[in-house]
Amino acid sequence: MQRQEEFHELLACAGLTVVEDVCPGSLFPPEAGWRIARGIAAPDGVAREALDAAWWRRLCGVDGEFLVAVLRHRIGGNDSWWTRVRHAGSGVPELTGDPGFVALSLDGQVLLAEVPGADGPRVTALDRLPERLEEAAAAAGLETEVERAEVWAAVPGRRAWPLHWAEGIGSNPAATDELLIRLLDVEEGFLHGCDRPAVLDAAVAHPDPRVRSRLADTFRPKLTSDQWVHLVRAEPSPNRRVLWAEHACVWGAELPEDLYDDLLASPSRARAAELPGLPAQHLPGLAADADPRVRAAACARWEDLAAPLRERLLADTDHAVRTAALLAHHTGVPMPREVFAALPDPRRALERCRLAPELEAELVRDGDAEVRRALAANPGLGAHGVAVLAEDSQDDIRSAVALRPDLTEEQRAAVRHDFDPTSMSHTLPWVEDLHGDADAMRRLAASSHPLVRRSVARARHLPPDVVARLARDEDRVVRLFLAESCEDAPADMLLEVWRWWDGSFSHPDRPRSHPNFPRTGLLRYTADPSGRMRRLALDDPESTPVDVARLARDPEAEVRRRAAEDPRLSPADAVRLLNDPEAHVRGTAVRNPRLPARVLAGLLHDRDTACAAVTNPAIPVPVLHRILTAAAAAVAAPR
């Protein structure tokens, strides 16, 4: 709020009254105004010495109102949003000088700007703005091979944004393995999406621990088991070495026995003893270890321990070890009342242990809802206890019972459960374990519970009859999950899901990227009332550059964005879309390889577009190497 007040005060000092802050929408965007003011993809001959009163009158119109953005004011009427102002005087608003401004007439025809430059302020005055921009785009699209070569020979060569380049260059699909390996010394953030074996090998062996940590911490690492092993071995910190081993196990990597030996011999032995893949040969040593934390960890592998070791742990001198042993022991053997009563914290027993029948019968009717809530998901709960909790007065308790794997579908249907169909869904582990069982999938696909059916739909492959049933499911999330996860999802259902779903972070571009998604006959959607369907027209192999050009002028932004990413987009249309009202359309156009080199080079040197522009695959690889050199120098420079 303070920044907004300061900005409004600045405008007032310039003789302007604030009318309103204008949200982005159908207007020509300030970002494009700043770019043109700096001379990037701008009409020729727009630079002037000064702005006289005549230009201001053309800008203000009859009512004296226009739109303005002021450099470096990013909050409250900032340099990426317009602020509508009124100029009541007859003179020139005092906006000239530091920090710089761009102004637009309300009809979008007149653009005035003044921005700082190396040789002093750069002043721009344009009328007939849309017409002039169309002319400039057409002219830019006529660039020759010789002109392109001259442009790239000079890059970077002038004012740069090397930190933005370092951030974005790793996402350039034209970047070679060699360049990405060099980039590791400058910026490692691109590793989150990297799947190149040579680059990952280099990252795993990199001397900088930050690079190796980025690999292990990434959301979805694409490391092989060998790379995980190398990563773990290279980590000097014992604690982090075990942490990376834990991550490796979570992602399904197989660790060799000698690595487990090393981890158990480290100062982090107690934590290493908790690794789920620990070979059974180590368990006797862990059960007899001098450290009670290690002995307690051994209890997690109760079924793998020999009877004498179990007896020793149940009689351990350490209370925490005895408790861990008791809890493990009573997952199979019913826990009597006296043992339960002696536990310092009974919650873990309520959640995981089998209980003596009379104790269980008492606890499922306990007046404390927390006790009953903990019991509801206990896998060792007896049939009588399940039946009692299935009729509990608490909705969430009945809902937990409804998801138990030991219910028949008839029993599940009889439980009055509470389920919010709009809530985020996670696959039920016990259903996931049955994904390879065709009979179980048939039974569970007919479940009355949407979450069970949703979990079935997450299977990679399903019998045809199960697919057909789920493709007609009344719960559209079931159909969505089928589209995202099941390779057998039918084309008609995928097309139906596309009408309302565009892909998620975990399953980007599904259902459109699904192998069964229809590819032919999509041109019939060119004139569809839904923009989502018009987007599909360009996926049809019979679509042409003419179709791309038409959809690049579509009234809906999502359709224009689809055209902006098409490699058949004309250079002129690519330049024109840089002025699109919607930021995501402009950002896509910046990445289109059909952009003329002169325009793309300008975008590389602009604050607002440098990070996106450096991802454009049209930049020659030698130029990318020079850009990286400049970025590396900037990162290494003292601040």
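Coordinate-derived values only; no laboratory data. Because the structure is a prediction, the values reported are computed rather than measured. We place every Cβ from the backbone using ideal geometry, glycine too, and count neighbours over all the protein chains shown.
Dipole of segment 203-346 (Lys/Arg Cβ +1, Asp/Glu Cβ -1, origin at the Cα centre): which of W302, P238, H206 lies farthest to the positive side?
H206
With n ≥ 4 as the cut-off for DSSP H runs, can you work out [θ] at 222 nm for the chain, using -39500 (n - 2.57) per run divided by the number of residues, rounded to the nearest 500?
-12500 deg cm²/dmol
In whole Hz and in residue order, list the ³J(HN,Hα) couplings for segment 180-194 that follow from phi through the Karplus curve 6.51 cos²θ - 1.76 cosθ + 1.60, θ = phi - 60°; x for Gly and Pro.
5, 5, 4, 4, 4, 6, 10, 7, 9, x, 5, 4, 4, x, 7
Taking amide H atoms as placed 1.01 Å from N in the peptide plane, list the residues 5 or more away in sequence, or in a different chain, whose amide H sits under 5 Å from that of V415.
Amide H to amide H, under 5 Å and 5 or more residues apart or across chains, V415 pairs with nothing.
Rg and Dmax of the chain, using alpha carbons, in Å: what are they?
My reading of the Cα-based Rg and Dmax gives 32.4, 99 Å.
What is the set of long-range amide H partners of V19 at a cut-off below 5 Å, with H atoms built 1.01 Å from backbone N?
Excluding prolines and chain starts, which carry no amide H, the hits are R84, V85, R86.
Using only the alpha-carbon atoms of segment 233-320 as identical scatterers, what base-10 log of I(q)/I(0) does the Debye formula give at q = 0.19, 0.23, 0.25 Å⁻¹?
The calculated log intensity ratios at q = 0.19, 0.23, 0.25 Å⁻¹ are -0.82, -1.12, -1.26.
Could you tell me the distance between the Cα centroids of segment 513-589 and segment 110-147, to the nearest Å?
26 Å
Sort 58-65, 504-511, 79-86 for me by packing, meaning the mean count of neighbouring Cβ atoms within 10 Å per residue, highest on top.
Those peptides, ordered most packed to least, come out 79-86, 58-65, 504-511.
Would you kindly derive the ³J(HN,Hα) couplings of segment 503-510 from the backbone phi angles with the Karplus curve 6.51 cos²θ - 1.76 cosθ + 1.60 (θ = phi - 60°), listing them in order in whole Hz, with x for Gly and Pro?
x, 10, 4, 7, 9, x, 6, 7
Which one, G108, P511, V250, projects farthest toward the positive side of the charge dipole computed for the chain from Cβ point charges (K/R +1, D/E -1)?
After comparing all options, I get G108.
So, with +1 on the Cβ of K and R and -1 on the Cβ of D and E, and no other charges, what is the size of the charge dipole of segment 163-280 about its Cα centre, to the nearest 20 debye?
Once rounded to the nearest 20, the dipole reads 260 debye.
Order the peptides 351-358, 454-461 from the highest to the lowest mean number of other Cβ atoms within 10 Å of their residues.
The peptides rank, most packed first, as 454-461, 351-358.
Between S393, S570, L275, whose Cα lies farthest towards the positive end of the dipole of the chain when Lys and Arg beta carbons carry +1 and Asp and Glu beta carbons carry -1, centred on the Cα centre?
Towards the positive end, the residue furthest out is S570.
How big is the dipole moment of segment 66-201 about its Cα centre under a simple scheme where the beta carbon of each Lys and Arg is +1, that of each Asp and Glu is -1, and everything else is neutral? Debye, nearest 20, please.
Dipole size: approximately 660 debye.
For the chain, what is the charge dipole size about the Cα centre, in debye to the nearest 20, if Lys and Arg each add +1 at the Cβ and Asp and Glu each add -1 at the Cβ?
Computed charge dipole of the chain: roughly 500 debye.
Rounded to whole Hz and in sequence order, give me ³J(HN,Hα) for segment 579-593 from the Karplus expression 6.51 cos²θ - 1.76 cosθ + 1.60, θ = phi - 60°, writing x for Gly and Pro.
Couplings: 9, 4, x, 8, 4, 6, 6, 4, x, 5, 5, 4, 8, 6, x Hz.
Compute the distance from the alpha-carbon center of segment 172-233 to that of segment 442-501, in whole Å.
Each part's Cα centre sits 36 Å from the other's.
Based on the alpha carbon coordinates of segment 396-534, what radius of gyration and maximum Cα-Cα distance (Dmax) apply, in Å?
16.1, 52
Any idea what diffusion coefficient segment 114-156 gets from Stokes-Einstein, in µm²/s, Kirkwood Rh on alpha carbon pairs, 37 °C, 0.692 mPa s?
252 µm²/s
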